[in-house]
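J.: I'd like to ask you about the structure that follows.
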């Protein structure tokens, strides 16, 4: 009888170990079995038997097995992970570059689905949905109080299907109904683009998905038509994504058959060299002055682009030290719709740099929190990091992310993030700005005129304070005054969002960003670096 009870668990263990390893290494299962000692398998089996017979409650084996897989991968490195089925589907959407729905960026504010901005060209945009609109009904049913994660279930759907929504709009006396026909909605990885001045373009790339290089090229083309002669490429807080898209983007700025990145691993099948002209259908690259902005949130594919630009002295890197992720992951699907993402290689920049931070002997939490610590990026720390040379002979460092050519700490943050967080949670900046903009339509001139002439004065601040009180947002008067510069900048940007949507918001917000402003002042230095590559 005992033997009959044990058999299913042997099957489970063998399936777990051989299935995972067979998928991960794509080798013969029997060959993998030889790599595992009988003692290791017996150890896992013994623990499962003990849990089965002695654990105080019924065991949810699905969760237990997922936990075992997650624990095993966590012992390898911080970036090898288990991905549950529902997250796999979300990842596919995030990186495929499209979904089907109505096309809005939204949040749930005080229980109401609130349109942050309609996506340009989407069904919602074509029907005239505006920033600040509140959706109170979906297909005749109240949506007030809906959880944020439930909104896509109601609004997304196959192309060609319809959804009826009821809208409440500031300045309109009664709610009104709209029927929206769903369509394919692009998920943009270029958050914003604009001309910062008569000659300087700005592009913010938020991640590297299937459409990133195409989006960036289209943004560059549009800015060139507007007179762009130099570019600020913002990769701050860009966590990475598809390696081949990073190569394509870097290839837009590098000439000829230049190496962009090299991957090396234990399995020779993952070893590869990627070149600037590999997917460059244009056959040429842009040669205007270039500044790339990075910070501690810039990782992986972002660091590939920044590293290649720096190694070839193609442009100036400005900001703070990047994250330091030089490991390449491959995602392998499992039979139940879940997946494992396993580190298969390390990548090296053109100069030979491995920029991966040390993770050996560190807990995952420690590894990630270290990214916010400046000690490992200090001048003193450079003595312990390997040195390399750019094409023009400048010293660059491996073993700890991309170190900018000009280090500019970010200083445009709130001095009291906890207090400001209360305002963000109630979205009072957004709501107040929409209300103010609705009653002051003459503010809509053009962005540069608005930025130059419109200021958040004392009267507006007093209105905003009263609005916070009405919205049950408590604040300390002393704290408010000490954070007035940040609050004023945010209000001005949110009002701009109402008139010029997200590009207007970011234009104003970035003109209060000290790193961005320093970038605008640094093109003489960028030109000097670029001359080393001539």
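Taken together, the values in this text are just the output of simple stated rules run on the coordinates, not laboratory data. On a predicted model such as this, the values are computed, not experimentally measured, just so you know. Note: ideal-geometry Cβ built from the backbone for every residue, glycine included; neighbour counts use all protein chains shown.
J.: Within a 10 angstrom radius of the beta carbon, how do 413, 244 rank from fewest other beta carbons to most?
T.: Working: 413 12, 244 16.
With the sparsest Cβ surroundings first, the list reads 413, 244.
J.: For segment 274-332, what is the Kirkwood estimate of the hydrodynamic radius, computed as the reciprocal of the mean inverse distance between distinct Cα atoms, to one decimal in Å?
T.: Over segment 274-332, the inverse of the mean reciprocal pair distance is 13.0 Å.
J.: Contact order normalised by length for segment 98-186, with contacts defined as Cα pairs under 8 Å and 6 or more residues apart; what percent is it?
T.: On the way: 198 pairs, mean separation 30.0, N = 89.
Reported as a whole number, the value is 34 percent.
J.: Hey, another quick one. If the chain were replaced by its equivalent ellipsoid, with semi-axes equal to the square roots of 5 times the Cα gyration tensor eigenvalues, what would those be, largest first, whole Å? Can you show the working numbers first?
T.: Numbers: eigenvalues 355, 236, 104 Å².
Over the Cα atoms of the chain, the semi-axes work out to 42, 34, 23 Å.
J.: At what distance in angstrom do the alpha carbon centres of segment 234-279 and segment 339-361 lie from each other?
T.: So the two Cα centres are separated by 13 Å.
J.: Shifting gears a bit: For segment 417-512, what size does the Cα cloud have along each of its three principal axes, sorted from largest down, in whole Å?
T.: 35, 25, 23
J.: Let me ask you something else. Where the centre of each part is set by its Cα atoms, how far does segment 473-534 sit from segment 98-137, in angstrom?
T.: Cα centres, segment 473-534 to segment 98-137: 25 Å.
J.: What translational diffusion coefficient, in µm²/s and rounded to a whole number, does the Stokes-Einstein relation yield for segment 131-189 at 10 °C and a viscosity of 1.306 mPa s, taking the hydrodynamic radius as the Kirkwood radius over Cα pairs?
T.: It diffuses with D of about 126 µm²/s by this estimate.
J.: Taking Cα atoms of segment 190-409, Rg/Rh with Kirkwood Rh, to two decimals?
T.: 0.97
J.: For the residue pair residue 225 and residue 384, what label-to-label distance in nm results when each label sits 7 Å from Cα along the Cα-to-beta-carbon direction?
T.: Result for the modelled spin labels: 5.3 nm.
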